[in-house]
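Bear in mind these aren't lab numbers, they're just calculated from the coordinates by the rules spelled out. As the structure is a computational prediction, the values presented were derived from the model and not from experiment. No Cβ is skipped: glycine too gets one built from the backbone with ideal geometry, and neighbour counts run over all protein chains shown.
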Amino acid sequence: MKIVISGGTGQVGTILNRALTAAGHDVVVLTRRPVCDREVGWDGETLGPWTEVIDGCDVVINLAGRSVSCRYTAANLQTMMASRVKSARVVGEAIAAATRPPRVWLQMSTATIYAHRFDAPNDEATGAIGGTEPGVPGYWAYSVEIAKAWELAQERAETPYTRKVALRSAMVMSPDRGGVFDVLLWLARLGLGGAVAGGAQYVSWIHDDDFVRAVEFLIDRDDLVGPVNLAAPGPLPQRTFMRALRTAWGVPLGLPSMAWMAEIGAFVLRSDTELLLKSRRVVPVRLIEAGFDFDHAQWPEAAEDLVRRRRSGSRESRSRRPIAQDLRSCRAGRQVVDGIDHHVRSADMDVVAGIGYDDVAPGRRSLQAGPPRSDLRRNAGGGTEHDGRSIKRCRHRSPAPDFADAAFHKQALRVAGPELRHCVISS
């Protein structure tokens, strides 16, 4: 599929771009500062030549908007509002004007739209929209207004041939530098990862692998429209959340902090305490009812996976499920790691035409029962062949443990050293 990601150079956009490109999709990013041939310039406000990439694409994912990682001054809040509403509005105008409009438009929103509450979780049908809660800072209501206006800009767009979904996303946890997990882990490693203001406020989150899988799920499900919560089904109090993160890294203690201490820390980090103190208790009822299965439903296990990846330097999760397709062929002799081409240096690979399986732990040297293996040999042109067919464009994850496996729907591929994630199907 051809997928356009507007505002795709931030943390979430980078995660999606990396995963969707690896899955074989043609991904184009709209950005104010294009630096490569798969990026197209736009200003996020007005129509222009960039609309040509919208016309004829299959999917638009709009993530554009000023980062929330800032001080919530009046000027910054106004910029957050304008950047989100204007970008959503102009994306809608581009889709409306397209001769061949995309079949689905996924519009980023936020779980912040829900009320600050402790008593019950917020789902899409019965969740309380925030803005009127007593006893919270007044500017928290403006954050809710931003979220509501963001979704309304998509809702009002005249795009009758394009399905529209609003992604009410919780914090996306990934080991990438500069993201929210990176900051929280840094605090935990410093011994500052204790309860904040008592720690009873709920934290909603989603593992980056599940976030990508949920996006793919929503692209495929033509029956899902409107707001969808992208959050793990296990929100938990902040003190429990940070305890699990400390345990995953091996930090025994975390100093607690009062609300005024958190305010000082947020000022130093040029952030805002709403991100720490607002209770976001959000559950993904629509995803679950539609049949979506989370790989990382509970935070302790998710934290362990993220910590493992952070320590190994790998950006991708071992539990990432490849798209269910047979391995047939890949393109000659190159691998791509984090967007950089590398010549294939190792021929220590085997192909197993066996039955698909869920996962093989590092260190295991065998797969489930299947036909005998056939060696994957280098060909004279520097590529690789199997049964006379060239292997085209294999992607691997690096660095990796001594041995790892990658599972496929009906066939499996394994490699000593880097993990082969999937191969793009070709004729």
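A few comments on the model shown:
- Between Ser312 and Met1, the modelled label-to-label distance comes to 2.8 nm, taking each label 7 Å out from Cα in the direction of the beta carbon.
- Length released on extending from Asp222 to Glu263, taking residue separation times 0.36 nm less the Cα-Cα span: 10.3 nm
- Between Trp249 and Glu133, the FRET efficiency from the beta-carbon distance, with R0 = 35 Å, is close to 0.55.
- For Ile5, residues with placed amide H under 5 Å, excluding near neighbours: Val28, Val29, Leu30, Ile61
- Efficiency of FRET between Thr73 and Arg177 - r from beta-carbon atoms, R0 25 angstrom, step 0.05: 0.45
- Each residue of region 230-235 was assigned a 3J(HN,Hα) from its phi angle through the Karplus expression (A = 6.51, B = -1.76, C = 1.60, θ = phi - 60°), giving 9, 8, 5, x, x, x Hz with x at Gly and Pro.
- Using C-alpha pairs below 8 Å separated by at least 6 residues, the relative contact order for region 92-182 is 41 percent.
- Extension gain, Thr46-Glu158: 0.36 nm per intervening residue step, less the Cα-Cα distance, totals 38.7 nm.
- For the pair Arg32 and Thr99, the difference between a 0.36 nm per residue extended length and the Cα-Cα distance amounts to 21.6 nm.
- Order of Met1, Met258 - criterion: other Cβ atoms within 10 Å of each residue's Cβ, fewest first: Met258, Met1
- Note on Ser312, Ser67, Ser257: ascending count of other Cβ atoms within 10 Å places them as Ser67, Ser312, Ser257, the fewest first.
- Descending semi-axes in whole angstrom, ellipsoid equivalent of region 153-269, from the Cα gyration tensor: 34, 16, 12
- Label zone at Asp55 (point 7 Å along Cα-to-Cβ), backbone N below 14 Å, region 101-132: 101-102
- Note on Asp58, Asp208, Asp37: ascending count of other Cβ atoms within 10 Å places them as Asp37, Asp58, Asp208, the fewest first.
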